[in-house]
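S.K.: Please see the structure below; I have some questions.
The values are calculated or read from the model by the stated rules, or taken from the named source; none is laboratory data. Just so you know, these numbers come straight off a predicted model, no measurement behind them. Here the Cβ positions follow ideal geometry from the backbone for every residue, glycine too, while neighbour counts run over all protein chains shown.
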Amino acid sequence: MFGFLKGKQKTLTGMDIGSSVVKCLRLDLSQDRPLITHFAMVDLAPEAIVDGEIMDRELVIRALQDCAEQAGVGKEPVATAVSGRAVIVKKIVMDKMSEDDAREAIFWEAEQHVPFDIDDITLDFQILDDDIGAGQMEILLVAAKKDMVQTQAELIRDAGFSPMVIEVASFANQNAWEYVQDGRNGEALADAESDGVPEVDEFDPDAGESEETEPPEPEEDSEFVALLDVGGGVTNVHIVKDGVPYFTRDLPIGSSQFMEEFQKQLGLTWETSAAVARGNTDEVDSELVTDIVRSVGEEIFQGLEPSLAYLKNSGEAEGIDRIVLSGGGARLPGLAAFLAECYGVPSEVADPLAGLDYETGVFGSEDPEQLSPMLTVSVGLAMRKGVER
Ligand SMILES: Nc1ncnc2c1ncn2[C@@H]1O[C@H](COP(=O)(O)OP(=O)(O)OP(=O)(O)O)[C@@H](O)[C@H]1O
Ligand SMILES: [Mg+2]
């Protein structure tokens with residue numbers, strides 16, 4: 001259709017501002033399989049972002065700039081994410097009406113469902129089922145705190161970049177996972193912009209013409225999948241089915257809690273603890289490590305319970321069918337197996353690189369296979385939309 005754009009490169013840079021590690025990744029989206037052309041990651045001091053909140057803005061800005069410089073990325077439009085705590089995802093029922101009317105009515109509806117002042121939130125929604133009987137329809141409501149979105153946009157601007165897309169980290173994670181899952185390569189890329197995952201806000205020069213987003217066709221064997229992103233300080237739980245997020249929630253347990261226990265109980269240095277957290281148990285008693293992982297992992301299990309109870313009570317599902325671990329803690333020895341055992345369902349470690357190509361050497365000395373689960377958010381962000389060059 002857009003023949004005149006042929007030959008132009010379509011790229012986007014995703015910047016994942018993790019509380020432990022900032023990642024910067026540029027995808028060339030003009031290939032059949034997206035190609036990672038630029039990448040870098042930079043450690044962030046623990047005091048810079050605490051409990052998901054930016055405490056030291058200057059440190060974060062410097063980390064973003066360092067990361068972009070190391071990746072070889074210029075001062076360009078970027079996609080970035082706000083953490084799950086800023087967002088509420090809820091399925092609600094409202095009177096049947098057109099999408100345009102719903103866009104107006106949603107504010108009144110949201111007031112009953114969102115525990116924030118309506119003036120303080122950015123809303124998005126998607127009609128999941130336009131006729132559930134009795135003149136009602138089912139919609140997915142996504143509400144994000146405006147100030148979080150605005151603060152993020154300002155941060156990106158102050159670092160010298162332009163915020164083209166700002167979305168929720170857990171949705172970016174979902175986006176990356178679905179892309180690999182679909183395995184549709186070029187085709188999936190076209191869908192990536194309208195796959196049922198709403199963006200909280202978007203700084204898009206073409207904004208104004210709203211894109212119709214059709215709910216995905218339900219598949220018979222569709223599963224409830226718990227995407228668990230075990231980051232530095234938090235674990236984001238994001239439960240999805242057929243491309244629709246059912247809820248998203250942050251649990252206050254991340255890989256640093258595991259590492260602290262390795263240090264305390266096994267007398268390890270921080271460096272060795274970090275190596276163990278990445279799955280390297282050569283220098284330690286792996287049984288003891290697994291025991292610690294199980295006891296700290298128990299907190300993730302317990303933390304998940306209220307979310308799963310909600311799924312059951314709302315009659316949505318009996319439980320989850322699959323667990324997918326991502327983030328730097330995904331390879332904690334025995335964690336995937338422990339959670340699989342807890343729920344009696346299969347678990348796997350996310351591998352967003354499986355659906356992508358990457359240029360040789362783009363990850364420097366890092367092993368791509370090892371790195372892959374940490375890249376779900378940056379990959380999911382970079383897939384959002386291309387910028388023509
Ligand atoms: N190759 C690696 N390089 C650096 N850290 C790694 C690596 N592999 C695993 N880790 C661990 O992953 C942790 C960071 O994970 P991740 O990047 O998912 O967190 P984050 O996104 O910064 O945090 P959050 O999502 O909680 O804000 C580090 O604390 C480190 O222990
Ligand atoms: Mg993260």
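S.K.: All but one of (1) farther than 18 Å from VAL42 by Cβ; (2) within 21 Å of the chain's Cα centre (by Cα); (3) more than 15 Å from ligand 2 (Cβ to nearest atom) hold for PHE363, so report the exception by its number.
M.R.: It is condition (1) that PHE363 fails.
S.K.: Still on this model: Which one of the conditions (1) within 16 Å of ligand 2 (Cβ to nearest atom); (2) assigned to a helix (DSSP H, G or I); (3) among the charged types (D, E, K, R) does ASP100 fail to meet, given that it meets all the rest?
M.R.: Result: ASP100 passes all but (1).
S.K.: If the requirement is being more than 16 Å from ligand 2 (Cβ to nearest atom), small (Gly, Ala, Ser) and not in a loop (DSSP other than H, G, I, E, B), which of these qualifies: ALA317, ALA337?
M.R.: One residue alone meets the criteria, ALA337.
S.K.: Also: Take the residues of the stretch 266-287 that are of a type in the set (A, V, I, L, M) and within 16 Å of ALA330 (Cβ to Cβ): which is nearest to ligand 2 (Cβ to nearest atom)? Step through it out loud before you land on a result.
M.R.: Of the residues in the stretch 266-287, the ones of a type in the set (A, V, I, L, M) are 266, 268, 274-277, 284.
Remaining after also requiring within 16 Å of ALA330 (Cβ to Cβ): 274-277.
Details: ALA274: 16, ALA275: 20, VAL276: 20, ALA277: 14 Å.
Applying the filter and picking the extreme gives ALA277.
S.K.: Picking from GLY344, GLY327, which residue would you name as being in contact with a strand residue (DSSP E or B) (Cβ under 6 Å, 6 or more places away or on another chain) and either of a type in the set (A, V, I, L, M) or farther than 27 Å from LYS10 by Cβ (or both)? Step through it out loud before you land on a result.
M.R.: Values: GLY344 fails: in contact with a strand residue (DSSP E or B) (Cβ under 6 Å, 6 or more places away or on another chain).
Every option except GLY327 fails the conditions.
S.K.: Then there is this: If only one of GLU260, GLU341 is surrounded by 13 or more Cβ atoms within 10 Å (Cβ to Cβ) and within 16 Å of ligand 1 (Cβ to nearest atom), which one is it? If you could, list the steps in order and put the result at the bottom.
M.R.: Details: GLU341 fails: within 16 Å of ligand 1 (Cβ to nearest atom).
That would be GLU260, the only listed residue that is surrounded by 13 or more Cβ atoms within 10 Å (Cβ to Cβ) and within 16 Å of ligand 1 (Cβ to nearest atom).
S.K.: Now, a different point. Between SER83, SER98, which is crowded, with 19+ Cβ neighbours inside 10 Å, of a type in the set (Ser, Thr, Tyr) and on the phi < 0 side of the Ramachandran plot?
M.R.: Answer to the selection: SER83.
S.K.: I'm trying to understand the selection: among the residues of the stretch 61-74, which are in a loop (DSSP other than H, G, I, E, B) and buried (at least 17 other Cβ atoms within 10 Å of the Cβ)? Break it down into steps so the answer makes sense when it comes.
M.R.: Here is the first cut: in the stretch 61-74, the residues in a loop (DSSP other than H, G, I, E, B) are 72-74.
The one that is in a loop (DSSP other than H, G, I, E, B) and buried (at least 17 other Cβ atoms within 10 Å of the Cβ): VAL73.
S.K.: Looking at the stretch 75-89, can you tell me whether even one residue there is more than 16 Å from ligand 2 (Cβ to nearest atom), assigned by TED's automatic domain parsing to the domain that holds ASP158 and either outside any strand (DSSP E or B) or in contact with a Cys (Cβ under 7 Å, 6 or more places away or on another chain) (or both)?
M.R.: The answer is yes, given that some residue of the stretch 75-89 is more than 16 Å from ligand 2 (Cβ to nearest atom), assigned by TED's automatic domain parsing to the domain that holds ASP158 and either outside any strand (DSSP E or B) or in contact with a Cys (Cβ under 7 Å, 6 or more places away or on another chain) (or both).
S.K.: Could you tell me whether the stretch 151-168 includes any residue that is hydroxyl-bearing (Ser, Thr, Tyr), in the same structural domain as VAL22 (by TED's automatic domain parsing) and within 16 Å of ligand 2 (Cβ to nearest atom)?
M.R.: Kept after step one, since they are hydroxyl-bearing (Ser, Thr, Tyr), are these residues of the stretch 151-168: 151, 162.
Restricting the remaining residues to those that are in the same structural domain as VAL22 (by TED's automatic domain parsing) gives 151, 162.
Okay, now just the ones that are also within 16 Å of ligand 2 (Cβ to nearest atom), so none.
Looking for residues that are hydroxyl-bearing (Ser, Thr, Tyr), in the same structural domain as VAL22 (by TED's automatic domain parsing) and within 16 Å of ligand 2 (Cβ to nearest atom), one finds none in the stretch 151-168, hence no.
S.K.: Are there any pairs with C-beta distances below 6 angstrom linking a residue in the stretch 226-250 that is in contact (Cβ under 8 Å) with a residue 12 or more places away in the chain and within 10 Å of ligand 2 (Cβ to nearest atom) to a residue that is outside any strand (DSSP E or B) and aliphatic (A, V, I, L, M), with the two at least 6 apart or on different chains, and if so which?
M.R.: What qualifies is VAL230/ALA330; THR235/ILE253; THR235/ILE300.
S.K.: Considering only the stretch 31-60, how many residues are crowded, with 19+ Cβ neighbours inside 10 Å and away from ligand 1 (no atom under 15 Å from the Cβ)?
M.R.: 4
S.K.: What number of residues within the stretch 235-273 satisfy the criterion of being under 23 Å from ASP291 (Cβ atoms) and either of a type in the set (A, V, I, L, M, F, W, C) or touching a strand residue (DSSP E or B) at 6+ places or on another chain (Cβ under 7 Å) (or both)?
M.R.: We begin by selecting, within the stretch 235-273, every residue under 23 Å from ASP291 (Cβ atoms); these are 235, 251-273.
After this cut, where a residue has to be either of a type in the set (A, V, I, L, M, F, W, C) or touching a strand residue (DSSP E or B) at 6+ places or on another chain (Cβ under 7 Å) (or both) as well, the list is 235, 251, 253-255, 258-259, 262, 266, 268, 270.
Final tally of qualifying residues: 11.
S.K.: Just need a number here: residues in the stretch 353-374 that are under 23 Å from GLU223 (Cβ atoms) and within 12 Å of ligand 1 (Cβ to nearest atom).
M.R.: The qualifying residues number 2.
S.K.: Within the stretch 340-389, which residues are small (Gly, Ala, Ser) and part of a helix (DSSP H, G or I)? Outline the logic, then answer.
M.R.: In the first step, residues of the stretch 340-389 are kept if they are small (Gly, Ala, Ser); the result is 340, 344, 347, 350, 354-355, 361, 364-365, 372, 378, 380, 382, 386.
ALA340, ALA354, GLY355, SER372, SER378, GLY380, ALA382 - these are the residues of the stretch 340-389 that are small (Gly, Ala, Ser) and part of a helix (DSSP H, G or I).
S.K.: So, one more: Could you grab me the full set of residues in the stretch 43-60 that are under 26 Å from PHE116 (Cβ atoms) and part of a strand (DSSP E or B)? Outline the logic, then answer.
M.R.: Kept after step one, since they are under 26 Å from PHE116 (Cβ atoms), are these residues of the stretch 43-60: 48-57, 60.
ILE49, VAL50, GLU53, ILE54 - these are the residues of the stretch 43-60 that are under 26 Å from PHE116 (Cβ atoms) and part of a strand (DSSP E or B).
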